[in-house]
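Working notes, beginning with the structure itself.
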Amino acid sequence: MKIATTTLQLREPRSVDEALVMMNEDAPLTPVAGCTDVFVTLNFGQQPARRFINLWPLDELRGISEDGEALRIGALTTYTELIRSDVVNRRMPALVAAAREVGGVQIQNRGTLAGNVANGSPAGDSLPVLAVADAVVVLRSVSGERRIPVTEIYTGYRATVIRPDELIVAIEIPRTDGAQWFRKVGTRAAQAISKVVMAAVRGPEPRVAFGSVAATVVRVPRTERALADGATIEEAQRVLAAEITPIDDVRSTAAYRLRVAGNLLGQWWTETV
Ligand SMILES: Cc1cc2nc3c(=O)[nH]c(=O)nc-3n(C[C@H](O)[C@H](O)[C@H](O)COP(=O)(O)OP(=O)(O)OC[C@H]3O[C@@H](n4cnc5c(N)ncnc54)[C@H](O)[C@@H]3O)c2cc1C
């Protein structure tokens, strides 16, 4: 059943510092950014929180910049902004490809990169790209900043190490050498959650990550190692089949996901020769 909005509270900070003080002194407050995930949970009566803090007006959390070798993407950066950004197109074409596949235009206009990371769905389209890019999640609280590799953020299904008093303020992506690749397989091209999603970088040390094949987004280090050591793609596909254990759920079956993951690995390897 829908949650009545009259039962909800919304705090409206005017700066990130004020938000962090509120989250520390007036806990618990659940951040809302674009609200595209939160609203769905409210609509389906699945949102346990009743007290929220609105990040959307905090322009300090917007912006894309190059910081030395790193690409810094503000927490509130939307998919539309990623798609339109020259620097993201130049440095992280796989992130642009992922952004283009998220929802439809309305969701791309509202949904944010940090929202995708914090929401922690194993089907989050940006997450395999961030995983192969060795992205770092920048967290801030009143006690200071922590920088956590995106691959270490998740402890289980939708569970993260982000503390209730912390905000993601940015995502930082180091220089990525090698051809980038992204592919989402879903029921249709728009407004569909993935059955399997893969991102990869073909450099001297190949990097591969999958979404929707485990409780969290996963890198596949044994498959990466096999490819780096000169295995054929058929051998690497066999290593991958032993490395991931997808599940049956409403969107797909374990057997289909296993087959598709192997096929995507093969497609990537052939296309990026
Ligand atoms: C119709 C529809 C289609 C969709 N299609 C896709 C799709 O194809 N692919 C996909 O990956 N996703 C999809 N989504 C999910 C959603 O749009 C994305 O996950 C989006 O990136 C969430 O961002 P947001 O800013 O709206 O997050 P919100 O809903 O505002 O927040 C999501 C979660 O992140 C937390 N959070 C947000 N910002 C921060 C922050 N800065 N620091 C700490 N915690 C924070 C919130 O507390 C909440 O738990 C879809 C959603 C809808 C409604």
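The values are calculated or read from the model by the stated rules, or taken from the named source; none is laboratory data. Worth saying up front: this structure is predicted, and the values here are computed from it rather than measured. FYI the Cβ positions are ideal-geometry reconstructions off the backbone, even for glycines, and counts take in every protein chain you see. Please note that ligands, DNA and RNA were not included when accessible areas were found on the heavy atoms of the full protein model with its side chains. Shrake-Rupley method; radii C 1.70, N 1.55, O 1.52, S 1.80 Å.
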Can you go through Ile107, Ile168, Ile162 and tell me which one is open to solvent by 40 Å² or more (accessible area, probe 1.4 Å) and near the ligand (Cβ under 8 Å from one of its atoms)? Ile107
May I ask you to list the residues in the range 11-31 that are within 13 Å of the ligand (Cβ to nearest atom) and open to solvent by 90 Å² or more (accessible area, probe 1.4 Å)? Pro28
Just one of (1) surrounded by fewer than 20 Cβ atoms within 10 Å (Cβ to Cβ); (2) within 23 Å of the chain's Cα centre (by Cα) trips up Thr272, so point out which. (2)
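Residues are listed down the side, and each one gets a yes or a no for (1) surrounded by fewer than 19 Cβ atoms within 10 Å (Cβ to Cβ); (2) touching a Leu at 6+ places or on another chain (Cβ under 9 Å):
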site: Ala209; (1), (2): no, yes
site: Val213; (1), (2): no, yes
site: Val218; (1), (2): no, no
site: Glu224; (1), (2): no, no
site: Gly230; (1), (2): yes, no
site: Glu234; (1), (2): yes, no
site: Asp249; (1), (2): yes, no
site: Ala255; (1), (2): yes, no
If we keep just the residues of the range 66-82 that are within 13 Å of the ligand (Cβ to nearest atom) and not polar (S, T, N, Q), which is most open to solvent (accessible area, probe 1.4 Å)? Glu81
Residues in the range 111-133: is at least one among the polar types (S, T, N, Q), touching a strand residue (DSSP E or B) at 6+ places or on another chain (Cβ under 9 Å) and more than 10 Å from the ligand (Cβ to nearest atom)? no
Going by what's in this entry, would Val40 be described as near the ligand (Cβ under 9 Å from one of its atoms) and open to solvent by 50 Å² or more (accessible area, probe 1.4 Å)? yes
The lone exception for Gly120 - which of (1) touching a residue at least 60 places away in the same chain (Cβ under 8 Å); (2) over 20 Å from Thr30 (Cα atoms); (3) surrounded by 17 or more Cβ atoms within 10 Å (Cβ to Cβ) it fails: (2)
Being open to solvent by less than 70 Å² (accessible area, probe 1.4 Å), on the phi > 0 side of the Ramachandran plot and not assigned by TED's automatic domain parsing to the domain that holds Val137 narrows Gly45, Gly63, Gly34 down to just Gly45
Of the conditions (1) free of Cβ contacts under 8 Å to residues at least 24 places away in the same chain; (2) surrounded by 17 or more Cβ atoms within 10 Å (Cβ to Cβ); (3) of a type in the set (Gly, Ala, Ser), the single one that Ser143 does not satisfy is (2)
